[in-house]
Amino acid sequence: MKNPFSKSKQGLNIIIVGCGKVGTTLVERLSGENHDISVIDLKSEVVQRVVGDYDVMGITGNGGSYSVQIEAGIETADVFIAVTDSDELNLLCCTVARKVGECAAIARVRNPDYLGELSYLREQLGISLIINPEWETATEMARLLRMPTALGINSFAKGHAELIKFKIPKGNILNEKHIYELRDLKCDLLVCGVERDGELVIPDGSTTLLEGDVVSFLATPVNSHRFFKQIGVDTHQVKNCMIIGGGKTSYYLAKQLTDMNIDVKIIERDNKRCEELSLLLPDTLIIHGDGGDEGLLREEGIESIESFVPLTGLDEENILLTLFAKSCSDTKVITKINRSTFTNVIDSMDLGSVMYPRYMTSESIIRYVRAMQNSIGSNIETLYHIFDNRAEALEFKVEKDSPVIGIPLMELKLKDKLLLACIVHKGKIVIPRGNHTISAGDKVIVVTTHTGFTDIKDILK
């Protein structure tokens, strides 16, 4: 494989096989970061659409074909990404790419049968990264059901720090408080963003909070629980969950929730799939029926269930089911959205926690691509697109020759629209103040509305 540091801040040569939802999202984001991109898909109309929408090269053909990969420039490619609908084709594509070129290969693999073999496949086939989006989505959902108060939880520093998003309830003590007053609660946290009426603010201490604001703050898990307790918000894990639809994400979510001692029931309309799930999930109640039937939902206890997750294949049905659940109960709801259009309409509805699996998959790949671009001074360990993709939260590991080391933060000339949210020093979480400094080996978490950061030095003007 090529030296990942040889490109520095220059763009990479990237080949993407498969122009479905994930492939198109990757093209959209990576084409805006100065990369040379080629796409391969079997459908000529799909290739033409992507080429027409973005400044990329397109090839119609089988991405697993040696000749097609040669035509796409595999011999000089830096990154090869296979995200077709077929796990086996993705693995074949990456195997051919690794034999022909010297690129990093990334494959999407979704079948539960391969879940326990991903490390073996990665090692034997020489694949740099294998991603299972349904598993990743289920893991994020399970994390939210541990703390149902949160609308979103992003984990940093191997879980030692979390960026938590929640809505200030009506009549809460935070209403009309300035952010600097939160120090009176004696909870060490940093407010990173405030969303109000569709507008996002990266706040300072003088920012006033109002009921109905969606607030994102960074803290340790202990301090986040302490904060919610101080403001009178319950954070206890849910006891039960109703899932609509029996697809891969439902299977993964039920498996994780039962391991957390949460009672799970799945409603699935396909009888054969119900039988399969009954064997795969012996501790889960599988109900054969139409999850869109109001009578069945009431009969199965939707009015008293503590959490509700519609995972049908249709965004419209997921949204409708979420709105129905919220109309008849106080249940914690998580809504899965596959499409990225109509975001303004979606944001205007009270859908609880909204998840976009395509973005979760693309974030893992973009993080890897940016890590290949960076200089020796740091490395991206975690990357999230937050605030409906209007900002990024990045975790950098700082190496010994980084230009930010040893300088008090108040003296660093940081870019605007940027918040240095957290320093992880020798395993300890530090909410930074002006006199703090960054040391070699530290991890630094940054929240910014800028895009394309690949190195910790990018925070400097």
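Just so you know, all these numbers are worked out from the coordinates, no wet-lab data involved. This structure is a prediction, so every number in the text was calculated from the model and none was measured. Heads up, the Cβs are rebuilt from the backbone with ideal geometry, glycines too, and the neighbour counts pull from every protein chain shown.
Values computed for the structure shown
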| read-out | value |
| --- | --- |
| Two-site label geometry, L296 and E276: point separation in nm, points 7 Å out along Cα→Cβ | 1.8 |
| Between the range 220-293 and the range 27-104, the Cα center-to-center distance that results, in Å | 36 |
| Neighbour-count ranking [beta-carbon atoms within 10 angstrom, fewest first] of Y356, Y368, Y114, Y120 | Y120, Y114, Y368, Y356 |
| Rounded Å value of the spacing that divides the Cα centres of the range 386-461 and the range 154-183 | 20 |
| Global geometry of the chain, whether rounded, prolate or oblate, following the gyration tensor of its Cα atoms and the 1.5 cut on a/c | oblate |
| Amide proton proximity set for C192, modelled H, under 5 Å, gap of 5+ | S216, F217, L218 |
| Packing rank of 75-81, 158-164, where each peptide gets the mean count of other beta carbons within 10 Å, highest leading | 75-81, 158-164 |
| The chain, relative contact order in percent, only Cα pairs under 8 angstrom and at least six apart counted | 12 |
| Order of D113, D315, D293 under a 10 Å beta carbon neighbour criterion, fewest first | D113, D293, D315 |
| Stretch gain in nm, segment Y114-H450, where the contour uses 0.36 nm per residue and the Cα spacing is subtracted | 117.3 nm |
| Charge tally in the Cβ shell below 10 Å around S362, where Lys, Arg are +1 and Asp, Glu are -1, S362 excluded | +2 |
| In Hz, Karplus ³J(HN,Hα) per residue of the range 237-242 (6.51, -1.76, 1.60; θ = phi - 60°; x = Gly, Pro) | 4, 5, 9, 8, 8, 10 |
